[in-house]
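Quick notes on the structure that follows.
The values are calculated or read from the model by the stated rules, or taken from the named source; none is laboratory data. Since this is a predicted model, take the numbers as computed values, not measurements. All Cβ positions, even for glycine, are placed from backbone atoms using ideal geometry, and neighbour counts span all protein chains on display. Protein only, heavy atoms only, side chains kept; ligands, DNA and RNA dropped before computing areas. Shrake-Rupley method; radii C 1.70, N 1.55, O 1.52, S 1.80 Å.
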Amino acid sequence: MAAKNQQAPSDPGIWVLADVLCGVDGTRGAYEAVRQAAWFAGPDGKLTLLAVTAVVGGGVQRSASFAPARAKRALAHAEGLAAAVGVSAVSEIDERAPVTDVLLGHAGGHGLLAIGAPPMSRVAHLLLGGTATPAAHLLPASVLFARRPPARVGFGDQIVVASDALEQSDALVHFATALARQRDVSLTLLHAPHAESSQHPTRIAAQVEHVTRALGDNGRVRIEPGRARDVIVATAASERCSLLVVSSRRVGGLRALGSVSERVVHDAPCSVLVMRPEDLQRDAD
């Protein structure tokens with residue numbers, strides 16, 4: 001089924017969804033990312049499929065981490081997945097290496113980057129390397145980390161937005177609400193109270209009012225005590241949501257090791273959309 005037409009540009013964050021870059025590497029996770037990227041872009045948006053072959057050496061020493069012939073087949077299959085839901089896609093192959101740097105470099109020219117969620121644990125990912133962790137930290141664009149939806153749940157049918165009740169969270173909640181209204185799906189506003197958020201008791205109340213007023217029966221609220229990343233992951237599972245929407249402060253260095261958004265990307269049972277700060281700020285302005 002084709003995605004509904006995009007909302008008017010005045011809706012928060014909708015411009016991000018109009019230009020999606022999706023990384024394709026021939027894995028099941030990447031193909032799921034293609035399906036979900038097509039859902040976001042819709043028939044009126046732009047979807048670009050990128051395969052990075054990472055060719056090194058020359059002559060008899062020339063090698064690639066993703067064989068060019070296999071990359072072409074993967075892109076053709078990905079184009080078919082998008083076409084099946086009425087979305088046209090443009091395919092590109094980049095031979096440069098390393099894969100992560102090339103993919104994130106391309107992402108800077110798009111509104112949204114879609115990739116398969118990390119198949120390994122967070123610790124293994126940190127030790128062995130991969131795209132998910134640097135993508136979550138650097139955020140060259142807002143990033144979708146795609147996982148298959150729960151059984152008998154369509155992608156996007158159940159959305160959870162995690163608000164920390166700090167200043168940036170207003171724009172995040174408005175974005176998620178606009179997305180849920182656009183697609184006529186359910187949205188749960190989740191808040192895990194903590195020391196910082198307790199200093200802004202009226203903000204979460206205003207967000208609750210915004211969600212319930214805008215979505216009616218499609219809007220729900222959960223206030224759950226506990227450590228934020230644990231509450232977010234547990235709620236995503238109990239709500240059987242297929243899309244979790246969070247924001248990132250884009251912290252670096254040692255602080256990044258404790259990043260809630262990066263940990264949620266690895267531990268969530270569903271797809272995670274991480275909105276970068278400047279995208280939310282652009283809407284706030």
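With respect to the conditions (1) open to solvent by 20 Å² or more (accessible area, probe 1.4 Å); (2) in a loop (DSSP other than H, G, I, E, B); (3) within 15 Å of S247 (Cα to Cα), P149 lacks only one, and its number is (3). Within region 199-225, the only residue that satisfies the criterion of being closer than 18 Å to S169 by Cα, small (G, A, S), part of a helix (DSSP H, G or I) and open to solvent by less than 50 Å² (accessible area, probe 1.4 Å) is A214. Yes or no: region 226-244 includes at least one residue that is assigned to a loop (DSSP other than H, G, I, E, B), more than 30 Å from V34 (Cβ to Cβ) and modelled with pLDDT of 90 or more. Yes.
Residues in region 62-90 that are outside any helix (DSSP H, G or I), of a type outside the set (A, V, I, L, M) and open to solvent by 40 Å² or more (accessible area, probe 1.4 Å): R62, S63, S65, G86, S88. Of the residues making up region 25-61, those that are part of a strand (DSSP E or B) and closer than 17 Å to L112 by Cα number 6.
Answer with yes or no whether V265 is more than 17 Å from the chain's Cα centre (by Cα) and either at pLDDT below 90 or of a type in the set (A, V, I, L, M, F, W, C) (or both). When the stated conditions are applied, V265 does not pass them.
Sub-6 Å Cβ pairs linking a first residue in region 92-114 that is within 17 Å of L273 (Cβ to Cβ) to a second residue that is open to solvent by less than 50 Å² (accessible area, probe 1.4 Å) and charged (D, E, K, R), at least 6 apart or interchain, are H110/D19; G111/D19, ordered by first then second residue. Between R203, R220, R213, R183, the distinction of being touching a strand residue (DSSP E or B) at 6+ places or on another chain (Cβ under 6 Å), of a type in the set (D, E, K, R) and over 24 Å from H266 (Cα atoms) belongs to R220 only. Among residues of region 57-75 that are under 23 Å from T27 (Cα atoms), those with a Cβ under 8 angstrom from a residue that is among the polar types (S, T, N, Q) and not in a helix (DSSP H, G or I), sequence gap 6+ or separate chain, pair up as A64/T53; S65/T53; F66/T53; A67/T53; P68/T53; A71/T53; L75/S91. Among the residues of region 91-102, those that are of a type outside the set (A, V, I, L, M, F, W, C) and either assigned to a loop (DSSP other than H, G, I, E, B) or open to solvent by 60 Å² or more (accessible area, probe 1.4 Å) (or both) comprise E92, E95, R96, P98, D101. Of all the criteria given as (1) at pLDDT below 95; (2) of a type outside the set (G, A, S); (3) closer than 26 Å to A178 by Cβ, the one not satisfied by R62 is (3).
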